[in-house]
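Heads up: the structure comes next, in structure tokens.
The values are calculated or read from the model by the stated rules, or taken from the named source; none is laboratory data. What you are looking at is a predicted structure, and each value in this text was computed from that prediction instead of being measured. Using ideal geometry, Cβ is built from the backbone for each residue, glycine included, and neighbour counts are taken over all protein chains shown. These area figures cover heavy atoms from the full protein model, side chains too; ligands, DNA and RNA do not enter into them. Shrake-Rupley method; radii C 1.70, N 1.55, O 1.52, S 1.80 Å.
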Amino acid sequence: MPAEESASPLPDGGPAPSPMTARVEALKAQPRLGSRIQHHVYLAGQEARTAPLSPPLPASVEGALEALGVSPLWDHQTAGLRAVREGANVLVTTPTASGKSLIFQLPILEEAANGGPGRALFLYPLKALGQDQKARFEELASLAEVDASCEIYDGDTPKHRRAKIRQDPPRVLISNPDMIHLGMLPYWNSWQPFLRDLRWIVLDELHTYRGIFGSHFHHVLRRLLRLCHQVGSNPRIIASSATAANAEVFAERLCGEQFEWIRDSGAPREGRHFLLLQPDASPYTLALHLLISLLQQGQRTIVFTKARGITELLYKWLQRQEPSLAPKVASYRAGFLPEERRRIEEDLFSGRLHGVISTSALELGIDVGGLDACILVGYPGSMIATWQRSGRAGRRGRESLTALIALPDALDQYLLQRPDELLERPLEQLIVDPSNEFVGCSHLVCAAAERPLEAVGDASYLSDQTETIRQLVGRGDLVANETGDRWTTSLNNPQRLVNLRGSGSSYGIVDTTVGRTIGTVDGIRTLRECHPGAIYLHAGRQYLVKELLEGDQRVLVEPVDVDYYTSALGEKQTRIVEILEERHEGWLSAWLGKVEVTERVIGYERKRILGQERLDAHRLDLPPVQFTTVGLWWAVKPTLERVLLESNRHFLGALHASEHAAISLFPLLAICDRGDIGGISIAPIA
């Protein structure tokens, strides 16, 4: 757990009685819930630590902080502001709700109040985070009576508004990596006034830039900094992140810069009750019962699930089981339209909603106001995510509750039997690979399209890229001048060929009865969830998929009211492309390499909503989806097969079990969810 917290069992005569303690005891007294609570741990809070800032902020800015009730500053905020003033790159990894955003908001307001020209670029991995930050920054600027304009530049910004933003740049521009990649860097000449005065680049939720998305973002950031240096600016980076074991190393690897790391939080933290529950049947039934019990106690509650379908099914079950509570609860996930997500966020913040059932989409720092309880339906896959989600609950001066309901898979059951290991487990390391050859090549071509690459002028940018440039020239993606020290590209707008998130094409989901788009879906999820005959669940409403129009990238649906839902059936084939590493030991051999995966949705089942029994199955003929990834595979020697058969063990069953065990336990070693990992078991060829 985070270093500033401590865990202790709740013995007789534990902490002084509190309203939340009484509510937890009431839950334990319920016959249906009490027997399912395997462990109850109390996580102690901490007192606030404040520190003065010298020299102080401008009086008007200080007055705004006092009006918002966030003065005096906590000591980690003061430390961060000092580092920013000194011109350092700053990384802040204090817990949720510890006021990290002030460390990058206040320097901008101070600059504006003192009449300086410095501008800031706020980058968020999700558009919703940008909307939330704009509202908070504008409130602070208004109270400070400082002229600090703030604009959002993303895919939802109208074209006429984009042109005005470029012509008259704001003090603060809020965007996301995708928009910088596609909408700013290719047209950087028209952004020169903004880039010339760019003093700070703010990277919020830095831990989300891991894996392939992080590899892409590393190069987007390097391209941006290259163009800033071209026009004479040298912006500093202010980054905030969830706590991680190697946050400083990760930030430096991701950004290619050195950071001053602020990690010891001075923010107050109320105590938390942590419950671990073992279902006797369906974990989702238990989650629903716990949600209902908490709502009936008057506790504002967030439920985190591990899949969009489960989010919608839980909400549908709530509607059917407790129709009087359902209007005060919403489902929330990716695929909702922007205006729909914002309405839910506003309703949560205002208190009009008392509960929300969400995927990881609400794990990040969108301000949804004070919540009392958090239900985790399954281990989130990492301790970073566990504490992030748990931190969504907790109001100032009030204890909170987090309940983890174990799923039947091996990892959840392993951790349930070892509560001390779960709660005291160190935070994982964040992983990013800036040296990914495929990703690096694509961005080098983008950089050449933005401004010709020069051996001398771009020496730092092109360090260790000699062989890559040679390959790109060889295949015609880059064109060298006569002296071989300047490279351009003949490709037209290569940025559009590079998808930072690798999620595949996005489809609009259209309700044909009203001719309106109700949501979006992308990648392989389109075939799994929106095949003909599927029941698509959206905010508790059912829609029957009538047609999937691949050419138009639309899914046509119509509203229905049925007592079943659908579950896709698929098959998977894997082809080895390249072996990167191998190891042979005992009865096992293992390989790591590049593999080509072909997935196909071959049919679907219909299951009853209440009871979940299978009604029937239907075949489908849909096109396959192919992608290349990195795989780990192993093979056993015939000796092991003979040993298992001689002891009356099922050989293929043992292989299949080892596959699922590996998938279940892999999140202990990597920042991922078990749902991110696919597996396949193959019988030996006779």
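Odds and ends about this structure:
- Protein accessible area in segment 194-328, 1.4 Å probe - carbon and sulfur %: 46 percent
- Computed about its Cα centre, the charge dipole of segment 474-558 is approximately 220 debye, with only Lys, Arg, Asp and Glu carrying charge at their Cβ.
- When restricted to Cα atoms, segment 576-641 yields an Rg and a Dmax of 18.9, 49 Å, respectively.
- Accessible area per residue was computed with a 1.4 Å probe on protein heavy atoms; residue 93 scores about 0 Å².
- In this simple spin-label approximation, residue 492 and residue 246 carry label points 7 Å from Cα along the Cα→Cβ vector, and these lie 4.4 nm apart.
- Kirkwood-type radius of segment 560-686, with distances r between different C-alpha atoms, in Å: 17.5 Å
- Residue 584/residue 561 FRET efficiency (R0 56 Å; Cβ-Cβ; nearest 0.05): 0.45
- Accessible-area order (highest first, 1.4 angstrom probe) of the listed residues 124, 414, 42: 414, 42, 124
- Cα gyration tensor category, rounded, prolate or oblate, for segment 26-172 with a/c compared to 1.5: oblate
- Distance between segment 529-580 and segment 366-438 - C-alpha centres, whole angstrom: 29 Å
- Using a probe radius of 1.4 angstrom, the carbon and sulfur fraction of the accessible surface of segment 469-575 is 44%.
- With a 1.4 Å probe rolled over the protein heavy atoms of all chains, the accessible area of 412, 280 falls in the order 280, 412, largest first.
- In the full protein context, the chain carries 45 Å² of accessible surface per residue, based on a 1.4 Å probe and ignoring ligands, DNA and RNA.
- Residues of segment 592-622 with amide N under 19 Å of a point placed 7 Å along Cα→Cβ from residue 467: 593-594
- Label-point separation, residue 505 to residue 665 (7 Å along Cα→Cβ), nm: 4.2 nm
- These residues, 383, 179, go from largest to smallest accessible area, 1.4 Å probe, as 179, 383.
- One entry in (i) 30.9; (ii) 40.6; (iii) 34.0 is mean projected area of the Cα convex hull in nm² calculated from the shown coordinates; its label is (iii).
- About its Cα centre, the dipole of segment 101-239 is roughly 640 debye, where the only charges are +1 on Lys and Arg Cβ and -1 on Asp and Glu Cβ.
- Estimated FRET transfer efficiency when R0 is 25 angstrom, pair residue 289-residue 138 (beta carbons, to 0.05): 0.05
- Cα centroid separation - segment 15-47 against segment 318-334, whole Å: 25 Å
- A Förster radius of 25 Å, combined with the Cβ-Cβ distance separating residue 70 from residue 196, puts the computed FRET efficiency at roughly 0.15.
- Projected onto its three principal axes, the C-alpha set of segment 384-457 covers 58, 36, 20 Å, listed from the longest axis down.
- Each of residue 609 and residue 352 was given a label point 7 Å from its Cα along the Cα-to-Cβ line. The distance between the two points is 2.4 nm.
- Note on the chain: antiparallel DSSP beta bridges, both residues inside, total approximately 60 percent of the bridges counted.
- Euclidean distance of C-alpha centroids, segment 50-104 and segment 232-311, integer Å: 22 Å
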